[in-house]
Structures are given as structure tokens and as C-alpha cells.
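In what follows, a single structure is set out as C-alpha cells and then discussed.
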Amino acid sequence: MKKYALLLLAGLTLSACGSAPGQVSGNGRVSMGVSADDSGSTVTVTRTVTPATPETPEKITFSNTEPGSVNFTFMTRPGSDAAYITGWRLTSYTINGRAIPVSGDINKLDIYVPSGYTCPERDSLPNYQSCQQITTDLKLRPEVQPANGLPISGLSIGFAIALVGEVKATLSGASSSVDLEFYGQSSNGAPVTVKATAIQSIAYKAGD
């Protein structure tokens, strides 16, 4: 995200549940949104009962599918500074509507989100590089114009796996909702935060 000219903050919407409008930070120079696709954040837990026989007692076993994850995508708004996302933390967590205490522990990340500019060489630049706005003789490049930054994806966080134990304990389906905050710094060294809320995960109960 490069230089930020206070522009509209139309939000990136989540492709499934939740919301994450564009958020301004970095001393007002960073406008960044985060999209969280939680449509695949599910798991199916199957309970199997093997009846007792004269030789063996009844046996109950559980198995589950591979838990899905929530996939996050970051993008800057036109005119925004670039940003480095260095971590995330939970700010709210519920299972079946029951509040679960969150520790606020920091989970480290290393994600670069390019500036909200486009330039003639944009397609040939790697994702870790933004458009260069100033020439070697310190003049602004007029061909560098505000535009949506490149979407940066690849971050997946698994919340569905935590529901497996809930299904085993209650013998019924379960769901969770989490809010989290990503944080880091802008390309100019100012603090940056962006929040994603109401991210849903579901566990289905199957079998006996």
C-alpha cells in the first residue's frame, strides 16, 4: 500500500460469513481491507457404535474429516501506503454462542501488502514490491496512479478443528464465531491494524 490520499473506504466483503470494511491506520496513510473466506471452514465428526457381543463390550469410536481453514486476502485502497502485516490475535471467540476466554497471544506473520498504486511495470513486479513513485532524481512519476493494490492471499487459519471436541462431548453439531485483529506497520513505519469479524466455522455430527 503506498501513499494514501483519503479516498473512499468501500469494504471488501467476506465471501462467506463475516465482515471487514476498509480500515484506515498508519497515521491516516494506509487504507486496507481484508477478505476472509470461511465457506470451507467445516469439519464432519462421525460417531460409530459397535454393538457388544458375548466376547466383546460395546465400542464407541469417533473419526473426523480433515478440518477446513479460513482463507484471508489483503488489499489496499487507491492511494494507500504499503504495509507489513507482522501478526494477528484473537479478540473474541464463541462456541455455540458461549464466550470462550481469549489470551490475546500474538501469532507472528510476515506478509507484505503492496501500495494502492499502479504503474506500467506493475505486471512484471514481484508481489513484495510496490510501484516506485519517485525517480532517481527525486521527481514524481506521473505514470504512477492510484489504484486498488494487488490482492495478497495465501494465509489460512484453522478454527474448525477446535470444534471436534465439542461434538464429541455434546453428540451434536457445533459452530464458532471469531473476531481477530491483524497488525503491523506501514512502509513509513506507522502502526497498522485491520480487523476481521464474525468469521464462522461449523462442525457437523454424523453416524450413530
Could you tell me the accessible area of Ile134 in Å² (1.4 Å probe, neighbours in place), rounded to the nearest ten? 70 Å²
Given springs between every Cα pair under 10 Å in a Gaussian network model of the chain, which of Leu140, Leu180, Leu171 has the largest fluctuation? Leu140
Kirkwood Rh and Cα Rg combined as Rg over Rh, evaluated for the stretch 83-141: 1.28
Antiparallel as a % of all DSSP beta bridges within the chain, to the nearest 5? 90 percent
Whole-number value, in Å³ per residue, for the convex hull of the alpha carbons of the stretch 110-201 is 131 Å³
Per DSSP, loop chymotrypsin sites (Phe, Trp or Tyr not before Pro) in the stretch 33-137 with at most 15 further Cβ within 10 Å: Tyr128
Okay, which of the stretch 156-187 sit inside 17 Å, backbone N to the point 7 Å along the Cα-Cβ direction of Thr65? 158-165, 167-168, 172-176
Could you tell me the distance between the Cα centroids of the stretch 23-78 and the stretch 174-198, to the nearest Å? 19 Å
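The values are calculated or read from the model by the stated rules, or taken from the named source; none is laboratory data. All values derive from a computational prediction rather than experimental measurement. Every residue, glycine among them, receives a Cβ derived from its backbone with ideal geometry; neighbour counts consider all protein chains shown. For the accessible areas, the whole protein counts, side chains as well, though only heavy atoms, and no ligand, DNA or RNA atoms are used. Shrake-Rupley method; radii C 1.70, N 1.55, O 1.52, S 1.80 Å.
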